[in-house]
Every structure is written in structure tokens, then in C-alpha cells.
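Asker: Sharing a structure with you now.
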Amino acid sequence: MPTVRRINELDEQFKSLSDDGLRARTTNWKEEISKIPDPHEQWKKLDEILPEAFAVVKNAARRLKDRGQTFTVCDQPMVWDMVHFDVQLLGGIVLHRGRIAEMATGEGKTLVATLPLYLNALTGRGAHLVTVNDYLARRDAEWMGQLYSFLGLTVGCIQHDQEPDVRREQYAMDITYGTNSEFGFDYLRDNGMATTREQQVQRGYCYAIVDEVDSILIDEARTPLIISGPATISTHQYDKWKPLIEQLVRKQNMLCNRLASEAIEKFEQDDVETGGRLMFKVKLGQPRNKQLLRLMEDPDKRRAIDKAELSFYQDTRKEELFQLKEELFFTIDEKSNEADLSEQGRIFLNPDDPNAFVLPDLINEFTEIDLDQTLSPEEKDKKKAERQQHCDTQAERIHNISQLLRAYCLFEKDVQYVIEDNKVVIVDEFTGRKMPGRRWSDGLHQAVEAKEGVQIDRETQTLATITIQNYFRLYQKLAGMTGTAETEAAEFHDIYKLDVNMIPTNRPVRRTDANDRIYKTRREKYNAVIKEIKEAHAKSQPVLVGTVSVEASELLSRMLKREKIPHNVLNAKFHMQEAEIVARAGQPGTVTISTNMAGRGTDIKLGLGVTELGGLMVVGTERHEARRIDRQLRGRCARQGDPGASRFYVSFEDDLMRNFGAADRMTKIMERFGLEEGQELEHRWLNKSVETAQKRVEQRNYLIRKRTLDFDDVMNMQREVVYTWRNEVIDAEEPRTHIYEVIDEAVPARAKEYFDGEEPNYTGLIHWVNTTFPLGLTKEKAQFETRSAEENTQFLIEKIKNAYERKSSHEEPTAVKSLERYIILNAIDRLWQEHLYAMDALREGVYLRGYAQKDPLIEYKTEAYDMFVELMANIKNEVLNNLFRSTSNLQAFENFLATLPQFLLREEGPIAPTATADARIRHPVGAMAAVGADGDGDGAGDLSIDLPIRRSLPKVGRNEPCPCGSGKKYKNCCGRVA
Ligand code: ADP
Ligand code: MG
């Protein structure tokens, strides 16, 4: 480790410096680097000074320790007692290089991060540290802040309840701590909502370290950050269908119970084949059927059921499988989370018209319409539109129903969600954390709300959205740290281009990981867990019990209460309090039950005498879907060379085992060992089988995340284009250049529509021009025939710009600038939000198309591209449309009108031949808007243009002359109250 040696040498040398001498390094470097204009050159410089800079930080830490520096962190008194270990220096180097450092729990990652944060903050462009919750952000900022402020760097911390002004201050600091969602939402607000620089709080994305990077980039990868408002349209019919679906589910459950009883009879008569077949049917219709679950415990029966299932999935039996499904009302696929109605089910829901739940064959219908000789082209279009509409209605209905079925059959209260304050709150399946405010998409949330009879919240419209992944991709350099990244190294590499480096521990690990104990049923498993806890508790050894869900935590808690064993339960709800509880989990005799995110980031130190008892004992009550989460749990004990032990308990009823277990092999094993009630299995190679199941799920979940990201990538590119444009406009000294760019691009596009074709459509063009710009154009004046299409376009552009110059020359320059920004931003925001809505719909839509054997992603990409091209064109057109319809103030508008002496300001004017009777819009300022304006001022009398003004009422005194020029008093003219 030459670099580490070098750092230590320098640290040794720096001991002779005064405090100020050490601090001076910071200022000098900052100044030096600020003179380097190119960011890449800046990075190079940082690489060069790394050993010195790290040594400065380490040396500062040493000084704080030597002095016994005391301070408070989250209102708790603390003493500084850390100087960077060599492995921590190593971790710091990895982080500086933009990689993931895997360092075990308790290795001091918080301190490791100070090294690269200090170094990268020297650019003055901000360095961010991302934590998993607000409490940790504050704790680490206050704690590590000791070091930064000693060295002359400022540190800030983003908290959920901060106002924009406070946030801006925090971002302005050299180093900023905060959670991923606060960073992400600030980005969305800055780029999607703020209309001036002053309103924005962030200042760029230079370098970020993500703590617990696996949790943030992998576990949270499936739910994007969304800022939303109420949608304008709501189409759901969940209320309407709920009673029928409830009946249908009940009918199906009765049917499945009957089938299960029949199956049991068959098994008793030794007709194993029929029994297996029947039970497979139950599995299709009610995967969580109690009798089914019980039968699966029996190796023989389990094998019969698996065999039946396998045989049905052979190609030759497709038809039979279909028939089997048709004997049910609907089928549920637990693995893929899908629900499908059968013919019977459709008839039940709508006896009069079972076809109400199948999509019509549009292609066929369209062909028939096309072939129909009796229809005129218009009639054909009309008919097609009708059929399309019909198809959309059907699709919506099918969607509603399948979401309700999923809500009833696959989503269980207190497992996937809880009810709180009359709301459905999602429980994260990975972490057991409640996620208030987040909603399942695609109407599923509403379906669950309908099922639970709570208020069905209005479908909301997305105003801005980004996935956490894509937020982090904004950073020029990204790094991460966690105790558990190795198992997901491939995903980090493929998706984020982040390589994982394993850092050795500071001291040898002394943890013993026992083999899994495997039971037939959950009940037996939990009994064994309680027994183990009791034994440890009897000798005062502390125990940390990990669960995968809130429900399991509560069950265990009840069992422990019965045994009169005092304990704490943590659900990752109150971060600060839970951190305090977890910190004490190593005290003698403590029992702590925790879902896996609870208290993450908090160190568990062993209490007095606990080392002699074997340290902290970790008990896992279920294997998690991802091995990573299990490793995380194990890592909670045996930190920094402490002793510790861990063991997992598994049952065949666990979801992992049911859905992904090597069922066949397990069944054989159970037989061979002749497992009795309450008996357990334990063997090295059983761990392997469990691991195989986990790998399978990991692979599947990876594909799902990848897919989500593939979809989001499309959006991400679009978002970048739109947000960049938006920011350019916000920052522009001369927003008019952007206005002119729009004119230069949009006018030719529109003009082309009129010039192209066999005969140029000059009349139409003049009509468009005159309804959009106050040019008062006539055929005679335009002389289009004398020029080429290109020249004509140029002619129009000149005229429009000319008129615009005139209009704005009467206004106050800064007011004009903000008006110009407003015109563009307003167009972008309004249409972008509509676009997001349409993209949501498209995303749902392509899945329906997925049934037609097309790849939804490809469909989505193609259509999304077309929609985006259209969006950009629409924004520009909207800008054109508003160019002359907005004015920064009324006075300016009057001034403008006053410079048009030749033009009639009239209440009613003759309508020009080419003009715009149909485009007239009546509005509060009435006649005032009926002006014609022409920069050349030579076309008096032959035009009439409507210019709707964007403000509702002019600010004019009631007795003053009306601004419309009628000569009447305002109150008797336009200001008359109707
Ligand atoms: P991690 O995030 O890696 O799990 P933490 O940053 O929470 O670990 O640190 C764990 C504990 O180790 C903390 O109590 C911290 O004070 C201690 N620690 C970290 N680095 C050092 C060090 N160099 N010397 C002494 N104690 C340290
Ligand atoms: Mg930590």
C-alpha cells in the first residue's frame, strides 16, 4: 500500500505544524484549484494532492483526539476518539476514485467518508453525502462537522422540514449531508418548478458518496420520486366493481376449498395423481389456500402437486391447462403477480355480455371498415374513432378488474400494507419500513383502497418524476459504501458503472455463522426461535432478532410476551429513537426485534461482560429474498474484532421456499430424514439449496429493476433535454435570444404546412399569421407569389421579429425579460406535465399491447420518441401563440397601441377578406383587443386581429377614459359590470 504509507508519513510530518499551519493547506488548495477552469484538470489536481490532503484530515482527527474534543451530536454529549486506521485510508482512496467500498458494519465508514469529502470539496463545487434517513444525515453532519470545521470547511445538512431558504444555505456549504429523497426532490423542484435562479436551491452535481449504497440504489430502485398534483381526469370504477369482485373472490375461495377437500379424499384413496391435479388447480385459483399450504408440508403430496404442475406446463398440454383454468373463475399467478379472468368469471361479472371483458379485435374491425364500400372516408374515420373509443373503455374496465383481483388475492393487510389514519400505507417488502406518501402505481393503490373500504384517493397527476438512480447519474463522480455490495457487484457494474472493492477489516472477524435450521412449518420454526432466545436470555447474552416483515415482528413479540421476556420492537419508523434502542442492543440481557432497515447505520457496542458470553447473538427468522440483506443482518454482530454468532431459521412455508425453493429436492431430503413434528434439519448443503433459491430470486429481481430502468431511461433523456432548456431560459441574460430561436424553428415548420403540397395555400397561411401575430398581412402586401417558399418564410420571420421589437420597445426592459422567460417556462411546464401524463398512459398501454406478442419496451421507445418530437413542436407553437398575447403591463400595451396611428381602434370593424371572424375571441378587455397592427403601417382598414390579453382586467379607475379608446368612461364601457 504505497499510498497509505505515504499518507502516514505525511501525517507524521504534519505533527509539527501549528493548527493554523494545517488549516492553511485548505485555503491554499482551494484557491489553487479555483484557478483551474477545466473540471477534468481539477480532478487531476485532486489525484495529485490526495496523499497530502488525506494526511491533513488524519492529522486533524489526531489533534481532536489528543485534546479530547467534546461536542454534542443530536443533543447527546460526545468525545472525539477516532484517528483513521489504515484500512479506512484505503476505503477513502476507493471512494475518491468513484467506486464502491465494501466495508463491514462497524468499520467506521462515517469517518472514512471524511477523507474523500474533504478532498473533493476543495473544488468549491460542493460534495454531497447521501444517507438513508434524516436522523443519520444530521448525526453524521454534526459528528464529522467537528473535523471539517477544524480544517476550515463548512458543512450543511438537509432535513425534511426545511424551507427553501435554509436548504439553499445548506447546499452552499462545502459539504452537504442529506437523504436521497431530499436531494432528489430538491432537484425536481429546482428543475421542474422554480422559475428563477433565486428560487433554486441546489448548485450542481459534482461529487456524491452514497452511504448504504445497496439499499439506495438497489432496494429503492423500484419506486421513483414523484411530485404530483390532483389529476384533472379520473376514470376509475373501483367502487363500482368492488361488490361483485368480492363475491367473485368468495365464490372462488369456496370452489377452491371444495377442490381441496376432494383432493384430500383422493389422496386418502391413494389416487395421488388426481389429488395432485386437483391441488394444482387450487394453487392456480387461490395460491394462499390454507389446505394447500398444509398439504405442501407432506413430502408425498407435495411431490404429487409439483408433478401435476410440471406436467401441465409441457407444450403438449397447453390446451388442457387452458381448460383447467377455465374451470375456475379466475387464475392468479403469485410469481408474476398477475390475475386473469376466465370465461366463467366474465359471465359472473356480466351475465348479459361476457364480452364486456375482452378487448375487441381492432385490426380486424378497422380492416372491415376500410373494406366497406358504402362508407365515405369521413364516415370511416368516424367509425374507427368510435371503435377505438370502445376499445379504450374495455381496456380500462379489464384493468380495473384485474387490479381489484390482485388487491384481493395477492395483497395482504399487515404484510404488503397497513391501514393507518384511514389510508393504505405501503410496507416495503425488503425493509419492512412503512412508506407513507408512496403509492402503488397503475391504479393498484386505489384498488386496495377500495378493498379496504377507505377513502379512494384521487388518481394524481405527475408533475415531475425521477428515479433515484437517474438522479445519481447526474453526478460527475459517484461513489458508494456499504457492508454488503459484493453479491450485487454485477448490477452495480452494469447499471451504474460502479465497481466494488472489498476492504479488509481492521481486525480479524470473530463471528461464527451457524448452519440454517430448517423446519416443516412456520409454527415449529417460531417455537424454535423462541427457545433459542430463551436460552441466550437465561445467561444474559444479548440477542438481535431480524425479521422480514412488520407482521413477523409483531408475532414474535406476542410470543416473547407470553414467555415474559422483555424486549424492544423496531420497525424503522422513528429513526432517532430506534437508533438509541439499537445502540443499546449489545447490553447484557437485551432482546431486540428488528426489521432489517431499523437502526441501520447505528453501531452496536457490547456491554460489560458480554464478550465473555460470546458477544451479540443474531437470529434471522427467515431467509430474505436477497442474500445481501441476510449478510447485512449477520454483520450487525462481531464488529471490530468482537465475538458474535448468527443463525438463520427457515421453514418450508416461507415465501422464498414455496415459490423458489428447489421444492423437489427439499421434498426428497425431508423424506430421507423422515422429519417428525418439531424436528429440524440442519446441514451444510441445505444452506446451499436455500442460497440457490435466493440467487434465483435475485436474478429475477435484477431483471425487473433493469426493465424499470430501461423504461425510465427513455424518460430520462427527454427530461434532460427539457430541464436543460428550462435552465438555459432561467439563466439567460437575454431571454429574447430564446424567443427568437423559437421563432426561427417554429415558423418555418408551420409555414411549410402551407407551402408544401401541389399548390401553396397562401390564404390559409395568412389566416394563421393574422390570428397569431399582429401583422395585418394581406395577399397584396405579402406578395408571396413573387418569392420562393424559403424566401417567404424568411420574410415572415423578419416581420414577426420586427413587430415583436416594436411591441417590447414600449415596455420596461426588465419586465420584458421576465415576461419572455415566463412565456417559455409556462409553455414548457404546462405541456411537459401533460406529456408526463400521456407517457404514463403510454406505459400502461404498451403492456396491453404486450399481449399481442410485441416487445412493450420497443413500442414504448418508438411512441415516446414521436410524442417527444410533438411535445417540442407544441411548446414552440404555444410560445408563438402567446408572444403577442402577453404584455408586461397595461401601460406598455397602451403605448404600443398609441404608436399605431393608422390603425383603427374600433369596437366593430369590417372584416378583411382573408381574415378571422371565426378566430375572434371575446374577453374582458373587449374591443381593446380588436386591433390590427402592422410594423409597416400601410395597410389601414383591411384587417382585424384579435389579441386576447393574458390579464383578466386592466387596472383602470372607474371614471377614467376606457383604455379601449372608445372615449367613454371606463365604467360605462369595458368596465361595465354586467
Ligand atoms: P459503519 O458505518 O462502517 O458501520 P460507523 O461509522 O457507524 O461504522 O462507526 C462504527 C463505530 O466505530 C463508531 O462508534 C465509531 O466511533 C468507531 N470508529 C470508527 N472509526 C474509528 C477509528 N479510527 N478509531 C476508533 N473508533 C472508530
Ligand atoms: Mg454507517
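Asker: For residues in the stretch 691-735 being under 30 Å from PRO813 (Cα atoms), among the acidic types (Asp, Glu) and part of a helix (DSSP H, G or I), which is most open to solvent (accessible area, probe 1.4 Å)?
Answerer: For the stretch 691-735, the residue satisfying everything is GLU728.
Asker: Still on this structure, please answer the following. Within the stretch 98-121, is there a residue that is of a type in the set (Lys, Arg) and within 16 Å of ligand 2 (Cβ to nearest atom)?
Answerer: yes
Asker: Which condition number does PRO51 fail, the rest of (1) free of Cβ contacts under 8 Å to residues at least 12 places away in the same chain; (2) within 39 Å of the chain's Cα centre (by Cα) being met?
Answerer: Single failed check for PRO51: (1).
Asker: Let me ask something else. Test ARG473 against the stated conditions and say whether it is closer than 20 Å to ILE226 by Cβ and either surrounded by fewer than 19 Cβ atoms within 10 Å (Cβ to Cβ) or at pLDDT 90 or above (or both).
Answerer: Judged against the criteria, ARG473 is a match.
Asker: Any residue in the stretch 226-234 that is surrounded by 15 or more Cβ atoms within 10 Å (Cβ to Cβ), away from ligand 2 (no atom under 16 Å from the Cβ) and at pLDDT 85 or above?
Answerer: no
Asker: Looking only at helices (runs of 4 or more DSSP H) that fall completely inside the stretch 293-361, which ones have 3 or more residues that are open to solvent by 60 Å² or more (accessible area, probe 1.4 Å) and in contact with an Asp or Glu (Cβ under 9 Å, 6 or more places away or on another chain)?
Answerer: Fully inside the stretch 293-361 and qualifying: 299-312.
Asker: Can you tell which of ASN568, ASN596 is out of contact with any Lys or Arg (no Cβ under 8 Å at 6 or more places or on another chain) and within 16 Å of ligand 2 (Cβ to nearest atom)?
Answerer: Selected residue: ASN596, the only one of ASN568, ASN596 that is out of contact with any Lys or Arg (no Cβ under 8 Å at 6 or more places or on another chain) and within 16 Å of ligand 2 (Cβ to nearest atom).
Asker: Any residue at all in the stretch 34-53 that is surrounded by 13 or more Cβ atoms within 10 Å (Cβ to Cβ), within 16 Å of ligand 2 (Cβ to nearest atom) and of a type in the set (Asp, Glu)?
Answerer: Checking the stretch 34-53: not a single residue is surrounded by 13 or more Cβ atoms within 10 Å (Cβ to Cβ), within 16 Å of ligand 2 (Cβ to nearest atom) and of a type in the set (Asp, Glu).
Asker: Shifting gears a bit: If I ask for residues that are more than 22 Å from LEU111 (Cβ to Cβ) and either basic (Lys, Arg) or buried (at least 20 other Cβ atoms within 10 Å of the Cβ) (or both), which ones from the stretch 168-180 would you list?
Answerer: Scanning the stretch 168-180 gives ARG168, TYR171.
Asker: What single numbered condition from (1) part of a helix (DSSP H, G or I); (2) open to solvent by 10 Å² or more (accessible area, probe 1.4 Å); (3) under 28 Å from GLY108 (Cα atoms) fails to hold for PHE183?
Answerer: Unmet for PHE183, out of (1) part of a helix (DSSP H, G or I); (2) open to solvent by 10 Å² or more (accessible area, probe 1.4 Å); (3) under 28 Å from GLY108 (Cα atoms): (2).
Asker: List pairs: first residue in the stretch 197-224 and over 28 Å from ASN727 (Cα atoms) and of a type outside the set (Asp, Glu), second residue at pLDDT 85 or above and within 16 Å of ligand 1 (Cβ to nearest atom) anywhere in the structure, Cβ distance under 7 angstrom, at least six positions apart or on different chains.
Answerer: Close Cβ pairs (under 7 Å, with a partner that is at pLDDT 85 or above and within 16 Å of ligand 1 (Cβ to nearest atom)) amount to VAL213/ILE100; VAL213/GLY480; VAL213/MET481; VAL213/THR482; VAL213/ALA485; SER215/VAL132.
Asker: Further question on the same structure: Any residue in the stretch 63-92 that is in contact (Cβ under 8 Å) with a residue 60 or more places away in the chain and open to solvent by 70 Å² or more (accessible area, probe 1.4 Å) sitting within a Cβ distance under 9 Å of a residue that is away from ligand 1 (no atom under 12 Å from the Cβ) and among the acidic types (Asp, Glu)? List the pairs, counting only those 6 or more apart or interchain.
Answerer: THR72/GLU142
Asker: Out of the stretch 202-217, which residues are open to solvent by less than 10 Å² (accessible area, probe 1.4 Å), within 13 Å of ligand 2 (Cβ to nearest atom) and outside any strand (DSSP E or B)?
Answerer: Residues satisfying the conditions are VAL213, ASP214, SER215, ILE216.
Asker: Across the stretch 427-454, which residue is nearest to GLN247 (Cα to Cα) among those that are at pLDDT 85 or above and outside any helix (DSSP H, G or I)?
Answerer: Checking each candidate, the answer is GLY453.
Asker: Which is hydrophobic (A, V, I, L, M, F, W, C), away from ligand 1 (no atom under 16 Å from the Cβ) and not in a strand (DSSP E or B), of LEU147, LEU119?
Answerer: LEU119
Asker: Being within 16 Å of ligand 1 (Cβ to nearest atom), under 35 Å from the mean Cα position of the chain (by Cα) and open to solvent by 30 Å² or more (accessible area, probe 1.4 Å) is the filter; apply it to the stretch 602-633 and report the residue that is nearest to LYS695 (Cα to Cα).
Answerer: Taking the candidates together, the pick is ARG631.
Asker: If you don't mind, there's one more thing I want to ask. Mind listing whichever residues of the stretch 552-601 are surrounded by 21 or more Cβ atoms within 10 Å (Cβ to Cβ), without any contact (Cβ under 8 Å) to a residue 60 or more places away in the chain and hydroxyl-bearing (Ser, Thr, Tyr)?
Answerer: Matches in the stretch 552-601: THR590, THR592, SER594.
Conditions (1) at pLDDT below 70; (2) farther than 27 Å from GLN394 by Cα; (3) buried (at least 16 other Cβ atoms within 10 Å of the Cβ), marked per residue:
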residue	(1), (2), (3)
ASP840	no, no, yes
LYS854	no, no, no
ASP866	no, no, no
ILE875	no, yes, yes
LEU880	no, yes, yes
SER886	yes, yes, yes
LEU905	yes, yes, yes
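Asker: Mind checking which residues of the stretch 559-580 are of a type in the set (Lys, Arg) and more than 29 Å from the chain's Cα centre (by Cα)?
Answerer: LYS561, ARG562, LYS564
Asker: Ok, one more. Can you name the number of the only condition in (1) within 16 Å of ligand 2 (Cβ to nearest atom); (2) open to solvent by 50 Å² or more (accessible area, probe 1.4 Å) that TRP143 fails?
Answerer: (2)
Asker: Across the stretch 528-551, which residue is surrounded by the fewest Cβ atoms within 10 Å (Cβ to Cβ) among those that are of a type in the set (S, T, N, Q) and at pLDDT 95 or above?
Answerer: SER540
Asker: Are any residues in the stretch 504-524 of a type in the set (A, V, I, L, M, F, W, C) and surrounded by 21 or more Cβ atoms within 10 Å (Cβ to Cβ), and if so, which ones?
Answerer: Of everything in the stretch 504-524, just one residue is of a type in the set (A, V, I, L, M, F, W, C) and surrounded by 21 or more Cβ atoms within 10 Å (Cβ to Cβ), namely ILE518.
Asker: Which numbered condition in (1) part of a helix (DSSP H, G or I); (2) open to solvent by less than 40 Å² (accessible area, probe 1.4 Å); (3) in contact (Cβ under 8 Å) with a residue 40 or more places away in the chain is the only one that GLU107 fails?
Answerer: The failed condition is (1).
Asker: Looking at the stretch 581-593, which of the residues that are part of a helix (DSSP H, G or I) and within 16 Å of ligand 2 (Cβ to nearest atom) is farthest from the chain's Cα centre (by Cα)?
Answerer: Looking at residues that are part of a helix (DSSP H, G or I) and within 16 Å of ligand 2 (Cβ to nearest atom), I get ALA583.
The values are calculated or read from the model by the stated rules, or taken from the named source; none is laboratory data. Since we're looking at a predicted model, the values are computed, not measured. No Cβ is skipped: glycine too gets one built from the backbone with ideal geometry, and neighbour counts run over all protein chains shown. Note: areas computed on protein heavy atoms with side chains; ligands, DNA, RNA excluded. Shrake-Rupley method; radii C 1.70, N 1.55, O 1.52, S 1.80 Å.
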